[in-house]
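Working notes, beginning with the structure itself.
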Amino acid sequence: MALNPQHSVTFANRSAYDFETPLDRSLEGSAKWNLMYEENADVKPGVVPFSVADMEFRTAPEIVRAIQETAAISTLGYTVATDDYLDSVLGWQFRRHSWTPSIAWLVTTPGVVPAICTAVQAFTQIGDGVIIQPPVYYPFFRAVAENGRRVIENPLIYEGNRWRMNFEELAELVKEPGTRMLILCSPHNPVGRVWTKDELSTLVSLCVANDVLIVSDEIHDDLIMPGHEHTTLMKAMKPGQFEYCMVATAPSKTFNIAGLQCSNIFIENARMRDTFKNQLRKTGISELNALAWRACQVAYDECEGWLEDLISIIWHNFEIVRDHLANTQPWVRVSDLEGTYLAWLDLRACGADEKALERTMHAHDLYFDEGAMFGAQGQGFERWNLACPTPIIEQALGRLDAALDELRG
Ligand SMILES: Cc1ncc(COP(=O)(O)O)c(C=O)c1O
């Protein structure tokens, strides 16, 4: 299929924000770019990596301004959540997700992964079983195993281009002695599912009936593609069931401010919340990053328009990738993208093993996340971070065709 750069540039041009300027992050300590240089110190100028889940877009100017102003007027000393901050966080949940949690439920942490690790430590014992649903965001494995708990896998099932939960198996796993927790990825990274309310209700009834707590990682909850709706886990629960739930949210993926380390965790049950806070205290985690709280507040209060434009661009990028591959490489299966900015490509039909895939992609200046990172079920897949200017995606498609032709032989 002929690429039409004009098409994409025109699309991004319609935004009042800058979603076009290619960024050079080679000297800013970017984890994603550094990973690419570790693989290849001589990578060609202009090559942009598609791995770690942050974005190649400029920070919304409202956030930049707020950080500059805060740095100029504040001492940057120890900071706690102000009432204004709490109002912004709650206002966002209400506006974007029609959810009305109470201020009292909120605990801030310097990230969702720290919150998940803390929950594992706080709510389970050494040797307990924790269910995860691979292929899934790889730190889930570590959060369980490195805390001395047992990883119990409840792999997702791939049907057509869509993934679903294996409830039949889950019904058995939750009954196993010592199974205490399930870590839910909602929306799901890397398969791109936005779980429906019905799916979540089924999950809840299985877990609650068997005393299994659900830690719901909803970090991608604002990155929802057209036609889909995110359901906060607590909205799939009856009020009496909230004690089985912790919901982790953050502005970090939504507004590309992960490096500021600011997350908002909701725990309704007071006893659970205290247990969680005590565990945080044991690791010395307490206050809020002095710049992050302001960035989060401004993002939630003033940057909804930026997010709407971002979602249009992500969806556009996804359509370009999906339609291009359908034309040139029909053997590649592209999972439907319902949420997140991560495309999930099934390359198993070419028969290449993990190493061959990686080698070939790198040889064509393509730096994805290898599927096997997300569990054995991800072998033969690649995760493509679509959060970059459209022309960068379009240019990569030519290189991807060459790589795939080579792999297919
Ligand atoms: C599902 C999921 N959870 C958590 C994180 C990272 O969370 P944090 O940086 O807040 O620790 C990511 C980042 O990619 C993610 O995809």
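Hey, got the dipole for segment 76-301? About the Cα centre, +1 on K and R Cβ, -1 on D and E Cβ, debye to the nearest 20? Intermediate values should be presented prior to the final figure.
Details: 20 positive and 24 negative charges, 57 e Å.
The calculation lands at about 280 debye.
Which percent, to the nearest 5, of DSSP beta bridges fully inside segment 76-301 are antiparallel?
On the way: 11 of 27 bridges.
Given both bridge residues lie in segment 76-301, the antiparallel proportion sits at roughly 40 percent.
Restricting the count to DSSP beta bridges whose residues both fall in the chain, what percent are antiparallel, rounded to a multiple of 5?
Numbers: 21 of 37 bridges.
Roughly 55 percent of the beta bridges in the chain run antiparallel, per DSSP.
Would you work out the relative contact order for segment 241-363, in percent, from Cα pairs under 8 angstrom that are 6 or more residues apart?
Working: 79 pairs, mean separation 19.3, N = 123.
Result for segment 241-363 is 16 percent.
Cα centroid distance between segment 365-409 and segment 282-341, in Å?
Answer, in whole Å: 18.
Considering the Cα positions of segment 287-376, please state its Rg to one decimal place and its Dmax as a whole number of Å.
17.9, 52
Working out 0.36 nm times the residue gap between D87 and I103, then minus their Cα-Cα distance, what length gain in nm do you get to one decimal?
Working: separation 16, 0.36 × 16 = 5.76 nm, distance 0.79 nm.
Taking D87 through I103 to full extension adds about 5.0 nm, to one decimal.
In nm, what is the difference between 0.36 nm times the number of residues separating D323 and R281 and their Cα-Cα distance?
Working: separation 42, 0.36 × 42 = 15.12 nm, distance 4.97 nm.
Between D323 and R281, full extension yields an extra 10.2 nm.
Give me the distance in nm between label points sitting 7 Å out from Cα along the Cα-to-Cβ direction at I126 and V64, one decimal.
Label at I126, label at V64, 5.0 nm between them.
Using the reciprocal of the averaged 1/r over all distinct C-alpha pairs, how large is the Kirkwood radius of the chain in Å?
Working: mean 1/r = 0.0454 Å⁻¹.
Hydrodynamic radius (Kirkwood, Cα only) of the chain equals 22.0 Å.
Would you mind getting me the FRET efficiency between E169 and Y37? Use the beta-carbon distance for r and R0 = 41 Å, nearest 0.05. The partial results should precede the final answer.
Numbers: r = 41 Å, r/R0 = 1.01.
Calculated transfer efficiency: 0.50.
At what distance in angstrom do the alpha carbon centres of segment 64-117 and segment 242-280 lie from each other?
11 Å
How big is segment 312-351 on each of its three principal axes, counting only the C-alpha atoms and giving the largest first in Å?
33, 18, 10
Lys and Arg at +1, Asp and Glu at -1: add these up for the other residues within a Cβ distance under 12 Å of S335 and post the number.
Numbers: positive: R162, R164, R193, R322, R333, R383; negative: E159, D336, E338, D346, E382.
Net charge in that neighbourhood comes out at +1.
Please go through segment 133-180 and write out the trypsin sites (Lys or Arg not before Pro) that DSSP classes as loop and that have at most 14 other C-beta atoms within 10 Å.
Working: sites: R142, R149, R150, R162, R164, K175, R180; in loops: R149, K175.
Passing both the DSSP loop test and the Cβ count: K175.
Normalised by the residues of segment 76-301, what does the relative contact order come to in percent, with Cα pairs under 8 Å and at least six apart? Spell out each step's value before the answer.
Numbers: 403 pairs, mean separation 62.5, N = 226.
Taking the mean separation of contacting Cα pairs over the length of segment 76-301, I get 28 percent.
Checking the table K197/K277; K238/K277; K32/K277; K44/K355 against a 27 Å threshold on Cα-Cα, which pairs fail? Before the final figure, lay out each step's value.
On the way: K197/K277 29 Å; K238/K277 24 Å; K32/K277 32 Å; K44/K355 22 Å.
Violating the 27 Å limit, Cα to Cα: K197/K277; K32/K277.
Only residues of segment 288-331 count here: report those whose backbone N is under 16 Å from the spot 7 Å along Cα→Cβ of T75, or say none.
Under cut-off, by backbone N: 288, 290-291.
Roughly how big is the chain's charge dipole about its Cα centre, with Cβ charges of +1 (Lys, Arg) and -1 (Asp, Glu), in debye to the nearest 20?
Numbers: 34 positive and 55 negative charges, 168 e Å.
Dipole magnitude for the chain comes out near 800 debye.
Given the C-alpha atoms of segment 76-301, compute the convex hull and give its volume per residue in Å³.
Hull volume over Cα atoms, normalised by residue count, gives 117 Å³.
A short reminder: the numbers here are calculations on the coordinates, not readings from a lab. For clarity, every value in this text was computed on a predicted model and none was experimentally measured. All Cβ positions, even for glycine, are placed from backbone atoms using ideal geometry, and neighbour counts span all protein chains on display.
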